[in-house]
Protein chains: 4
Amino acid sequence: VTSTSTTTLTDVQSRRDDRNIPIDLVGVSDLRYPIVVWERGGGRQETIAQIAMSVSLPHDFKGTHMSRFIEVLNRHRGEVTIRTMPLILADLKQHLDAERARVEVAFPYFMERTAPVSQARSLMDYECRFVGELSDTANDFILTVTVPVNSLCPCSKEISDYGAHNQRGYVTVEVRCGQDEGGAPAMIWIEEVVEVVEQSASSPVYPLLKRVDERHVTMQAYENPAFVEDIVRNVIQVFREDPRPNWLKVTAVNDESIHNHRAFAQSVWTRTDRPS
Amino acid sequence: VTSTSTTTLTDVQSRRDDRNIPIDLVGVSDLRYPIVVWERGGGRQETIAQIAMSVSLPHDFKGTHMSRFIEVLNRHRGEVTIRTMPLILADLKQHLDAERARVEVAFPYFMERTAPVSQARSLMDYECRFVGELSDTANDFILTVTVPVNSLCPCSKEISDYGAHNQRGYVTVEVRCGQDEGGAPAMIWIEEVVEVVEQSASSPVYPLLKRVDERHVTMQAYENPAFVEDIVRNVIQVFREDPRPNWLKVTAVNDESIHNHRAFAQSVWTRTDRPS
Amino acid sequence: VTSTSTTTLTDVQSRRDDRNIPIDLVGVSDLRYPIVVWERGGGRQETIAQIAMSVSLPHDFKGTHMSRFIEVLNRHRGEVTIRTMPLILADLKQHLDAERARVEVAFPYFMERTAPVSQARSLMDYECRFVGELSDTANDFILTVTVPVNSLCPCSKEISDYGAHNQRGYVTVEVRCGQDEGGAPAMIWIEEVVEVVEQSASSPVYPLLKRVDERHVTMQAYENPAFVEDIVRNVIQVFREDPRPNWLKVTAVNDESIHNHRAFAQSVWTRTDRPS
Amino acid sequence: VTSTSTTTLTDVQSRRDDRNIPIDLVGVSDLRYPIVVWERGGGRQETIAQIAMSVSLPHDFKGTHMSRFIEVLNRHRGEVTIRTMPLILADLKQHLDAERARVEVAFPYFMERTAPVSQARSLMDYECRFVGELSDTANDFILTVTVPVNSLCPCSKEISDYGAHNQRGYVTVEVRCGQDEGGAPAMIWIEEVVEVVEQSASSPVYPLLKRVDERHVTMQAYENPAFVEDIVRNVIQVFREDPRPNWLKVTAVNDESIHNHRAFAQSVWTRTDRPS
C-alpha cells in the first residue's frame, strides 16, 4: 500500500448536494468508551458507556466527517456529566460545522447498597443515560435512570387466602430540569432517582441479602402491593413536589411471574405552574 | 386450592384513585402471537408477532384489567392489517373502557427474491411494524419496514486505487399516509418500501446468490457508492413524489466494516403542500 | 454490469489448501426461514425459525460453497421434524460433499393453554430447538425446549410470617433419545416436555388468567415452593423413569425478584442401565 | 416488619434431599460488577464484568447458599486475572463447601489503537472472557477474546472486474495453556490474541481513521482477501507454533454484506506432540 498525503485526497463529503433534503441527525453510534461520572458523594466513578453522537447536516452538503466525532470524544474522555455535556456539544457543533449537535451516553452506574437488617454491603448496577442537545436556539439535557424493583400484585394479594405473585420490575425515569434560583440549570443526582423509585415500588432489590434480610424484604413487599400504575403515580407524586423537574416520563415494566409477557404503564408529566 | 366464583372476588383495579395522575398508557407487551398479514399479491402470510397493547387510564381509576387485552387479541387473531387495525383498536377502547387505545405489532415478513443473473429464488425476511392509535378525536397508523442493504463508501472508493469498503446496512422507513381521493386512508405495501429502499442503496442483499450473481452484485455496489446520508435522501426523494405519504422518518445505519461502531443518518419529512 | 456465464468464473473455494488444518464446521447462521413442525395432536404448525447449517471441510480444500446450504434448505422448506431431519442432513452431506453435516433450528412453538378455573383459552409460546448431526459413523438428534414457569422460594416462605418471593423462571430441557423396541429412534414431543416441566415448578405461567385463575395460581405457587435445584431434580426424576431418553441436560434459571441477578442450576443425566 | 436474629431462622437449604440426583452447577449469573484486569504493559485496567459463579451440589443436600457467592466476589473485587482466579475458586469451593467451583467473567477490554498512516490514536473495545474451574482433581482456565475484523471475499474479488464485497467479521479465540518450563501455568495476553487475529483477517478495524488511513485500510483489505475458513486456519497456524497453548477453539463469523445471514467457520485444535 502506498500512502498519500491527506491534502491530495478528495474530500467527497464536502461536495454540494442538490436534492434539497436536510439531514436531521448524522453521526456514529454503538461506540463503547470508558467514561467518568460524578457521584453525589463527591467521588468520580469510572464506567463504560455506549455512545451515540450526531449533528444536523444542511441540505446542500453531501456528507459529514465521521472521524471528527471520535476526535471530539477523545478530547473529553475525562468526564461526561451534566456540567461537561455543554462543552462536548459545543465542541461537536464547532468541529462538525453544524447547527445542532446531539450526544447520547448510556452506562451502568454502581451504588453500594446496605442490606436492611444484616447491614451487609455490596454493589448494585443501575442502567443510566444522559441525552444532551445543543442548537443555536436551545440547550437540552435529559437524565434517564432505570431502577430494578420488586413489585407485588395488589389484586393477587387481595383475592388469595395466602401468598401473592410478585416479580422483578424495571422503573425508568426520564427527567428534564429547569433552572435553579440563580439561573443555572438545576440537576438531579442518579442516587436521588433510585431512592424515589425504590420507595414507590413494593420493595427494593439488593445484590446481597442474608436470611434475616430476605425475611424483611419478603414481608415488606407483601405489605406494600403495587400495580405498575401505582408505581408510575408514586414516582410522579414525589417529583412534582420537587421544584427542580420541569418534565418527567415514568415507565414501569413488570416481568409478570404468572405470565410469559410483561405488564407496563407510562405517563408523562409536565410542570404547568410556572413558565418552562 | 379451593376455587371461588368470580363474583365474590374483589375488583381491586376498579377502586378510586386520589393521586390525580392520569396514566397515558397501560397494558401488556412482549407478547408473542401468530398473526396473518396481507401480501401485495393478494396472498395471506402467516407470521409471528411481538405485540404491545395499551390504553389510557383516567386519573381516578386505580388500574386497568390486563386480561382483557389478551381476550381482544384472541378475537382478532385471524388478521392484523391496516384494514383491521381500526377494529382491534375500537374493540380495545370499548372493552377497556378507555379514551385512547394503542397497538404495536412487530413481525418478520418474507418475500421471495430472485437472484439478478441466475434467477435463483429464495425467501428473505424483513422486520416490519404496525403502530395504530385510536382516540375520540384521532386515528393514526404508521407502517415501519427495515430493509437490509449493501452500502459501499463513496469516500473509500474515491481515495483508493482499488477496492472500497462496503458493509451490511439497515434502512428503516416509518410512513404515515393521508387519505386517498375517495377519503379512505391511503396505504403503502411493505413490498413497495422494500423496492424503494433497495434502489436507494449501493445494492440489495439476497438470500441466495450463485457465482454469476455475486459478480453482478459486487460490481453493482461498486458502481453505486452511497453514504448513509445519500440513502436517507434517496428514499425521501422517491416518496415525496408519491401522493400517499404525509409523513416519513427514514433512518440508515451501517455496520461499518472498517470500524467497530456504526454510522447512521436520519431525517423526518412532512408534506407541507397540502393540508394533513 | 456485464454478466458472465457460470462456467467461466473461477471456483476459488475448490482450490487446494496446504495449511493442513481441517475445518470442523463451516456454513451459514442467523438465517430466518418459515418452517412447519408437527404437533402431538397430529396438526402441522407453521412457525418461523432461526437456522444454522454447517458441514466439515477436509484439510486440503480451501472453502465450502455457501449457496448450496440455502438451496438444500429451499428443497426441504415443507417440514423440519425429527423424522425429516435425517433427510436434510443427508442432502447437505451429499451436496456439500462433506463427511459431516449439522443443522440447528430454533423456533417459537405455540400451544393452546386453558386457564385452571375459568377454562379461558389462549396461546402461549415456547422456545424450541432441534439440533441434528450426521456423519459416516453417527446420527444424532437433540430436542431442546425452554418452558417459562413461576418459582416460589422455599426459604423465603419458611422464614417469613407471610408472603414469599416468587418470580418468572425458565427451565430448559435438552433431551437425546435412544431407539424404541423396533430399532427406530424414539422421540419425545414438545408437549410432553412442557407438561413435565410445569409439574416440576411452583406453578405454570399462562397467557390469559381471569381473577379466579389468578387466585388459583397464586395459592398453587405458595403451596409448591421450589428452588432451582428442586426444579432440575424434579424434571430428571420424571424423565429417568421414562424409557425413551438416553441423555438429558436440565437448566433452571430464575429472574430473582429480590435481586438484580439470576439464580441457576444445571445437571446432566445419562442412562447407565443399558447400552446407549 | 419485625426482624429476627439469624440463628432462629431455619436453614432450608441444608436439609437432606432423597432424590439421589447431584446438581452439576448451581449459582448466580448475570451479575454486573466492576473488576480490574492486568494489561500486558503492566497497567491495571478498570472495567465492568458480567459474572457467573457456581459450584457442584452433592445429591443429598437440598440447596446451596446463594448469598455466599456475592460475599466471595466482594472479597476479590480488587482484581480478576489468570493469577487470582485460583484464589477466587478456592474461596468459593471452601465457603460453599463444594467439590467443584466455576467462575465465568465476561468484560470489554480497551486497547489504544494507532491509525496506520496518520498515527491518530483512539481506544477500541474487545469482548473478553475468563472461565476458571477448580475441583479436587483439576484446575482449568480458558481465555476467550473476540476481535472485530474486516474480511474481504476472495471469490468476489476473483470473479469481479472491480470491487469485492467485504464486511465486519468477528473472530473468537478460546485458548487453554499448558505449563511453562518451571511448571507454572503458561499464559497468553489479550493483546497477543488481538494481534494474531488481526494479521489473520483482511485488515484490522479501527476506532479512528483519517482519510489517508481509510485509503490504506481499503487497499490492505483488497490485497488480503480471506474466507472465514482462511481466517480460522491462519489463527491456528500461528498459535500451533507457539509452545504455550494446549488447546484452541477458533470461530470466525462474517456479517455478510451481500446477504441477510452470517457465514461462519470453526475449528478446535489440540496439541498432540506432548502430554497435556
Only residues in region A:160-178 that are closer than 21 Å to A:Phe227 by Cβ count as the first member; pair them with residues that are buried (at least 24 other Cβ atoms within 10 Å of the Cβ) and basic (Lys, Arg), Cβ under 9 angstrom, at least 6 apart or cross-chain, and list the lot. A:Ser160/C:Arg215; A:Asp161/C:Arg215; A:Gln167/C:Arg168; A:Arg168/C:Arg168
Does region C:183-200 contain at least one residue that is hydroxyl-bearing (Ser, Thr, Tyr) and touching a Lys or Arg at 6+ places or on another chain (Cβ under 7 Å)? no
Residues that are buried (at least 16 other Cβ atoms within 10 Å of the Cβ) and more than 14 Å from chain D (Cβ to nearest Cβ): does region C:21-34 have at least one? yes
Only one of these conditions is not met by A:Glu214: (1) at pLDDT below 95; (2) open to solvent by less than 30 Å² (accessible area, probe 1.4 Å); (3) of a type in the set (Asp, Glu). Which number is it? (1)
Given (1) at pLDDT 95 or above; (2) over 22 Å from A:Pro22 (Cβ atoms), identify the lone condition not met by B:Ala226. (2)
Tell me which residues, restricted to region B:51-79, are under 20 Å from B:Arg15 (Cβ atoms) and of a type in the set (Val, Ile, Thr). B:Val55, B:Thr64
Meets criteria (within 10 Å of chain C (Cβ to nearest Cβ), among the polar types (S, T, N, Q) and part of a loop (DSSP other than H, G, I, E, B)) for D:Thr10: yes
Quick check: is even one residue across region B:44-56 open to solvent by 10 Å² or more (accessible area, probe 1.4 Å), more than 14 Å from chain A (Cβ to nearest Cβ) and polar (S, T, N, Q)? yes
Residues in region C:198-206: is at least one of a type outside the set (A, V, I, L, M, F, W, C), within 14 Å of chain A (Cβ to nearest Cβ) and over 21 Å from the mean Cα position of the chain (by Cα)? yes
Could you tell me which residue of region D:110-133 is farthest from C:Met66 (Cα to Cα), considering only residues that are open to solvent by 30 Å² or more (accessible area, probe 1.4 Å) and more than 14 Å from chain A (Cβ to nearest Cβ)? D:Glu133
Which residues, taken from region C:229-250, are facing chain D (nearest Cβ under 9 Å) and surrounded by 20 or more Cβ atoms within 10 Å (Cβ to Cβ)? C:Glu229, C:Asp230, C:Val232, C:Arg233, C:Asn234, C:Ile236
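So, in region B:265-274, of the ones that are facing another protein chain (nearest Cβ under 7 Å) and open to solvent by 30 Å² or more (accessible area, probe 1.4 Å), which residue ends up nearest to D:Asp213 (Cα to Cα)?
Going through the qualifying residues, I end up with B:Gln266.
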For C:Glu195, the lone unmet condition from (1) under 20 Å from B:Asn74 (Cβ atoms); (2) open to solvent by 20 Å² or more (accessible area, probe 1.4 Å) is (1)
For region D:152-185, name all the residues that are within 8 Å of chain B (Cβ to nearest Cβ) and either in a strand (DSSP E or B) or polar (S, T, N, Q) (or both). D:Leu152, D:Ser156, D:Ser160, D:Asn166, D:Gln167, D:Arg168
Name the single residue, out of those in region C:262-276 being out of contact with any Ser or Thr (no Cβ under 7 Å at 6 or more places or on another chain) and not in a loop (DSSP other than H, G, I, E, B), that is farthest from C:Gln167 (Cα to Cα). C:Thr270
Of the numbered conditions (1) over 14 Å from the mean Cα position of the chain (by Cα); (2) under 18 Å from A:Thr84 (Cα atoms); (3) crowded, with 21+ Cβ neighbours inside 10 Å, A:Phe107 satisfies every one except a single condition; which is it? (1)
Cβ-Cβ under 9 Å, sequence separation 6+ or interchain: first residue in region B:256-272 and of a type in the set (Gly, Ala, Ser), partner open to solvent by 30 Å² or more (accessible area, probe 1.4 Å). Which pairs? B:Ala263/A:Met66; B:Ala265/A:Asp24; B:Ser267/A:Pro22; B:Ser267/A:Asp24; B:Ser267/B:Lys249
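The values are calculated or read from the model by the stated rules, or taken from the named source; none is laboratory data. What you see is a predicted model; the values in this text were computed from it and never measured. Every residue, glycine among them, receives a Cβ derived from its backbone with ideal geometry; neighbour counts consider all protein chains shown. Keep in mind that these areas ignore ligands, DNA and RNA; they rest on the heavy atoms of the full protein, side chains included. Shrake-Rupley method; radii C 1.70, N 1.55, O 1.52, S 1.80 Å.
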